[in-house]
Structures are given as structure tokens and as C-alpha cells.
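This report concerns only the one structure given below.
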Amino acid sequence: MLRFMIKLPFRIIAAPVWLVLAAVNIVLVFLVGLSAGFCYLIAGISVLTEVLSIGFGISTDWTMKSAIITTVVFVLLPHIGMGIVAVIEVVKCGLQEFIFG
């Protein structure tokens, strides 16, 4: 009983934080999913442009490196965003376990 009474104020404080994290997580999942489509579209256009410029013989070393860097960055951005979402989900689950457990 004493242990419950000691944890009660912390549980009351953690409940609104958990609700905010849940709302932020839902919004972030939507935004990361939406931006992933655009990032993959930009990466695909970059690759297609570079392949065509190599085919027409107008590509230089610098433009090839720039296209590769652009493609890598735009492919990795959604994965970084999902990593951030996953960390927020883990924190949210830890708070949920503390509040309800």
C-alpha cells in the first residue's frame, strides 16, 4: 500500500505526458509516411535523370556524385523519421507500463 501511495503522484504526472506522446506519435507516423512517398519520388527522379544523362553522354563526375548523394539522402530520410517514431513509441510504452502496471 505504501509503495502504491509513493508511486501515485508520479503516475498522475505521467498520464498527461503519455497522452501527449500518443497524440504526437500518431501525427508523426502520418507525416513520416506522407513524406516518405515524396522522398522516394525525388530519389527516383534523381536516379532516372542521372541514368538518362549518362545515356546521352552529358553526365560528369560531379553530377554523378551529386545524384548519388541526393538519392541516398532522400532514401534515408524516411528511415530516420521512422527511427524517431520508434523511440517515441518505446518511451510511450514504458510510460504506459509505469502508469497501468
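The values are calculated or read from the model by the stated rules, or taken from the named source; none is laboratory data. Values in this document were obtained by computation on a predicted structure and should not be read as measured data. So basically every Cβ, Gly included, is an ideal-geometry build from the backbone, and we count neighbours across all protein chains shown. The accessibility values were calculated without ligands, DNA or RNA, using every heavy atom of the protein model including side chains. Shrake-Rupley method; radii C 1.70, N 1.55, O 1.52, S 1.80 Å.
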So which residues in the stretch 47-87 are closer than 25 Å to residue 22 by Cα and among the aliphatic types (A, V, I, L, M), if there are any at all?
-> 76, 77, 80, 82, 84, 85, 86, 87
Hey, residue 66 more than 18 Å from residue 93 (Cβ to Cβ) and surrounded by 14 or more Cβ atoms within 10 Å (Cβ to Cβ) or not = no
Meets criteria (touching an Asp or Glu at 6+ places or on another chain (Cβ under 8 Å), open to solvent by 90 Å² or more (accessible area, probe 1.4 Å) and in a helix (DSSP H, G or I)) for residue 6 = no
Condition met for residue 75 (free of Cβ contacts under 8 Å to residues at least 24 places away in the same chain and open to solvent by less than 90 Å² (accessible area, probe 1.4 Å)) = no
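Taking the conditions exactly as written (at pLDDT 90 or above, in contact with a helix residue (DSSP H, G or I) (Cβ under 7 Å, 6 or more places away or on another chain), surrounded by 13 or more Cβ atoms within 10 Å (Cβ to Cβ) and in a helix (DSSP H, G or I)), does residue 15 satisfy them or not? Write out each step before concluding.
Details: at pLDDT 90 or above: no; in contact with a helix residue (DSSP H, G or I) (Cβ under 7 Å, 6 or more places away or on another chain): yes; surrounded by 13 or more Cβ atoms within 10 Å (Cβ to Cβ): yes; in a helix (DSSP H, G or I): yes.
Here the answer is no, as residue 15 does not meet what is asked.
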Condition met for residue 87 (modelled with pLDDT of 90 or more and at negative phi) = yes
Within the stretch 35-55, can one find any residue that is charged (D, E, K, R) and without any contact (Cβ under 8 Å) to a residue 24 or more places away in the chain?
-> yes
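If I ask for residues that are surrounded by 13 or more Cβ atoms within 10 Å (Cβ to Cβ) and either within 30 Å of residue 90 (Cα to Cα) or not hydroxyl-bearing (Ser, Thr, Tyr) (or both), which ones from the stretch 50-63 would you list? If you could, list the steps in order and put the result at the bottom.
Looking only at the stretch 50-63, we keep the residues that are surrounded by 13 or more Cβ atoms within 10 Å (Cβ to Cβ), and these are 50, 53-54, 59, 63.
Scanning the stretch 50-63 gives 50, 54.
Can you tell which of 94, 101, 81, 37 is of a type in the set (Gly, Ala, Ser) and open to solvent by 50 Å² or more (accessible area, probe 1.4 Å)?
On the way: 94 fails: open to solvent by 50 Å² or more (accessible area, probe 1.4 Å); 81 fails: open to solvent by 50 Å² or more (accessible area, probe 1.4 Å); 37 fails: open to solvent by 50 Å² or more (accessible area, probe 1.4 Å).
Only one candidate qualifies: 101.
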Which of the residues spanning the stretch 16-75 are within 23 Å of the chain's Cα centre (by Cα) and among the hydroxyl-bearing types (Ser, Thr, Tyr)?
-> 35, 40, 46, 70, 71
Just one listed residue, out of 29, 47, is surrounded by 13 or more Cβ atoms within 10 Å (Cβ to Cβ) and under 30 Å from residue 91 (Cβ atoms), and it is 29
